[in-house]
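See below for the structure under consideration.
The values are calculated or read from the model by the stated rules, or taken from the named source; none is laboratory data. Note that the structure is predicted; figures quoted are calculated from it, not measured. Glycine also receives a Cβ, built like all others from the backbone with ideal geometry; neighbour counts cover every protein chain displayed.
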Amino acid sequence: MQTLDNGPAAQRPEALTSVAVLGGGLAGMAAAWRLVNAGYRVTLVERRPYLGGRAYSFVDRETGQEIDNGQHVFLGCCDAYRRFLDEIGSLELTSRQKRLHVEVRAPSGARGILSGLPLPAPFHLLPSLLRYPHVSIGERLRAIPALLLMWLERKRDRPALRRQSFHHWLRSHWQSERAIDAFWNLLIIPALNDSAEEVSASAGFMLFQEALLRDRNGGNIGFAQAGLSAIMGDAVRERLTGAGADVLLDRTADALVVEDGRVTGVRFTDGETLPVDACVSALPPDVLLRLLPEEVREHPAFAPAATHTWSPIVNLHVWYDRQIAEFEFLAFVDSPVQWVFNRTAIAGLEGPGQYITVSLSGAWEFWPMSKEALREKFIPELARLFPAAKDAEITRFVIVKEQRATFRSLPDAADNRLPSATPLPNLFLAGDWTDTGWPATMESAVRSGNIAAEAVGRNADVRDSSMSC
Ligand SMILES: Cc1cc2nc3c(=O)[nH]c(=O)nc-3n(C[C@H](O)[C@H](O)[C@H](O)COP(=O)(O)OP(=O)(O)OC[C@H]3O[C@@H](n4cnc5c(N)ncnc54)[C@H](O)[C@@H]3O)c2cc1C
């Protein structure tokens, strides 16, 4: 029971330790998957009637098409997430670039391509950066030493980077406001869900290092061709139950029962209690705190969990009665439209119309707006960007708003991410917000689940230790 490489539970004579995994988002699903494969008796508890957490899809009642709660993209550097998809049999339902290739357009019609050549990183990017038309030639040249500095720093943890904004670092390293808007924020806003002004320099460094500077495939873009629930929540549920785990949907954990410094049970809102040997919380930080008994919650080790704040994402789903443009996805500068995904092409939908998704990250301005106001703002803008849309009729318009889409990578916020181990020897934490070193992404969620499962493996036999408050 000490290692997680022991093979599926079915091959083992008996499952010894019962582990409750609370929260059926990606972190909880990954933890449950690892644990059941290591032979634990796993109960995954999810408040909603489906698994997936912040990454799910639903069927649109009018079009009958699957809508994701938000366009989810992963990169070549997302190793743990891709491995997880592979293990649950869903990797083949995604498409992934063999080389980074992003077309960036401006309303003026100017088009740039950011792409990777078969050269060692970070040099693979330089030819396309030098031709990038949305910043001046001087700004392109000045981006190079900044990228090289980040590349040189990739093995060092510099606390000063955690305390300042990425914008501050960029401004003090030769970058103009224009370069920040039209180059750096192109990746920062969709990946960190805030602009360079808000995120810490360490988060900005981490992103560029992993996606663009570590190796030439780190930035290759991938996304699901089927709905998010099909490739994650539904697939995992089937795999987990097939492997012998209990998946409890529509069950809300209400409290952790702590006796003699250990978690002994999970109480649900209906009053029932599930006895457990160990517990993985893959819950949002505020929910975790609510579930802890007061004397445990007050332990200083849990205090940072109360400090996280969240950024919104708004997705516009637009169906046109005809094709408005041929593309898979596009990024825009100098427009409120950020990234646009051609769902008809990605999901292989039948024509004659076209279904596109506009993904708006760091959507502070947009999430309070009504559907009508968003329509008034964005439909003319889409017609400006895609001239064929001017004459097209919109057959359906759906908005999905996620107010708490991702925790914010603000300066100092990294210090508030909790490790998996807690003062209670049989309580372990997972969730994209825990201390994985990654921003709020599917990669962070899966990594956190893997880390928590490993921690259970290392500690499950510590039966006589307990927390003293
Ligand atoms: C619109 C949007 C777009 C995004 N785009 C991307 C992207 O392009 N790329 C990327 O990598 N990431 C993206 N993300 C982020 C990604 O979805 C998250 O980082 C990841 O899904 C978080 O998983 P998690 O398991 O840590 O948390 P969650 O998914 O929040 O899981 C927590 C779970 O706990 C459950 N729960 C809460 N309370 C209880 C309770 N009392 N009892 C039982 N269960 C409970 C919740 O219902 C939820 O299922 C996006 C997120 C959103 C919202």
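Computed values, structure above
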{"item": "Test result for residue 362, part of a loop (DSSP other than H, G, I, E, B), touching a residue at least 12 places away in the same chain (Cβ under 8 Å) and in contact with a strand residue (DSSP E or B) (Cβ under 8 Å, 6 or more places away or on another chain)", "result": "yes"}
{"item": "Subset of the range 421-437 [part of a loop (DSSP other than H, G, I, E, B), under 15 Å from residue 283 (Cα atoms) and of a type in the set (A, V, I, L, M, F, W, C)]", "result": "430, 433"}
{"item": "Residue, nearest to the chain's Cα centre (by Cα), within the range 33-71, restricted to residues that are within 11 Å of the ligand (Cβ to nearest atom) and of a type in the set (A, V, I, L, M, F, W, C)", "result": "55"}
{"item": "Residue match in the range 186-196 (condition: surrounded by 22 or more Cβ atoms within 10 Å (Cβ to Cβ), away from the ligand (no atom under 14 Å from the Cβ) and under 22 Å from residue 310 (Cβ atoms))", "result": "yes"}
{"item": "Residue within the range 230-244 that is buried (at least 20 other Cβ atoms within 10 Å of the Cβ), touching a residue at least 60 places away in the same chain (Cβ under 8 Å), in a strand (DSSP E or B) and at negative phi present", "result": "no"}
{"item": "Contacts under 8 angstrom Cβ, first residue in the range 130-158 being in a helix (DSSP H, G or I), partner of a type in the set (S, T, N, Q) and surrounded by 11 or more Cβ atoms within 10 Å (Cβ to Cβ), 6 or more apart", "result": "139/175; 139/176; 142/175; 142/176; 143/175; 146/175; 150/209; 151/209"}
{"item": "Residues of the range 160-202 that turn out to be assigned to a helix (DSSP H, G or I), touching a Pro at 6+ places or on another chain (Cβ under 6 Å) and farther than 22 Å from residue 134 by Cβ, as a count", "result": "1"}
{"item": "Flag if residue 341 is away from the ligand (no atom under 16 Å from the Cβ), among the aromatic types (Phe, Trp, Tyr) and out of contact with any Pro (no Cβ under 9 Å at 6 or more places or on another chain)", "result": "no"}
{"item": "Checklist (1) modelled with pLDDT of 95 or more; (2) closer than 30 Å to residue 315 by Cα applied to residue 173, failing item", "result": "(2)"}
